[in-house]
Amino acid sequence: MSDLLVKKVREAQRTDCAGQDAMLCLLSQFRPLMKTYIRRLHLVSAEDAEASLTLHFIQIIRSVDLNRDTLHQDNRLAGYIIKSMYNAYIHLSKAADKSRLCIPISNYTGADDENGGPPGWLESKMSYEPAFDANIVLEDLLGVLTKREADIIRCHFIWGYGTRRIARILNVSESAVSKSKRRALEKLKAYIIEQDKALKNT
């Protein structure tokens, strides 16, 4: 590890161009560790595993408190990051099972939640039932979304993150997260309605 790790992490916590460059440098520095966990994660693809671990790594770097006495030295900070990445790997391993959550089309009513919006609809219709032909698997659904929208849906519905935490991870405003989530849910809703109609016509 570089002797300048503490300085590099401090720079990466900034939101300007220098901060972005420092974050990219840290991602490159810890890439070998991330590749080890990517190979072990049983997600839909290596790309999904890398994206998930990268999001967690960015969160770790941005949230670490460099004012703590135990993190003033590079070797201790490196140990903290490595341990945090291991914890993220364990968390993602457990979440991998949830990524196969199914949404039974046969149970879909087409109704919005009581407030007229789709969020409650998506959460309430998830189940742990084994997949069958009439089900749509969550990770398959994400293919109709943009990368940003898919990341937000994963963070919220699979990892259980709130809007504020997602905004901090993605370095965007909370309103941008909420807007993207609403747009993503509308896309998913439209897609499932379309698939439901297709099934009824077969």
Checklist entry - Local charge sum around LEU55 (other residues, Cβ-Cβ under 12 Å, Lys/Arg +1, Asp/Glu -1)? => result +3
Checklist entry - Using a basic spin-label model with each label point 7 Å from the Cα along Cα→Cβ, how many nm lie between ARG76 and LEU4? => result 2.3 nm
Next on the checklist: Explain nothing, just compute: Karplus ³J(HN,Hα) = 6.51 cos²θ - 1.76 cosθ + 1.60, θ = phi - 60°, for every residue of segment 20-29 in order, whole Hz, x for Gly and Pro.
Outcome noted: 5, 5, 5, 5, 4, 5, 5, 4, 5, 5
Checklist outcome for this item: Each label sits 7 Å from Cα toward the beta-carbon; between SER63 and LEU24 the label points are separated, in nm, by 2.6 nm
Next on the checklist: A 23 angstrom limit on the alpha carbon distance is what I want to check against. Which of LYS8/LYS181; LYS7/LYS83; LYS35/LYS147; LYS83/LYS147; LYS7/LYS147; LYS83/LYS179 exceed it?
Outcome noted: LYS8/LYS181; LYS83/LYS147; LYS7/LYS147; LYS83/LYS179
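Here, each number is a calculation from the coordinates, and none is a lab measurement. Worth saying up front: this structure is predicted, and the values here are computed from it rather than measured. Cβ: placed from backbone, ideal geometry, glycine included. Neighbour counts: every protein chain shown.
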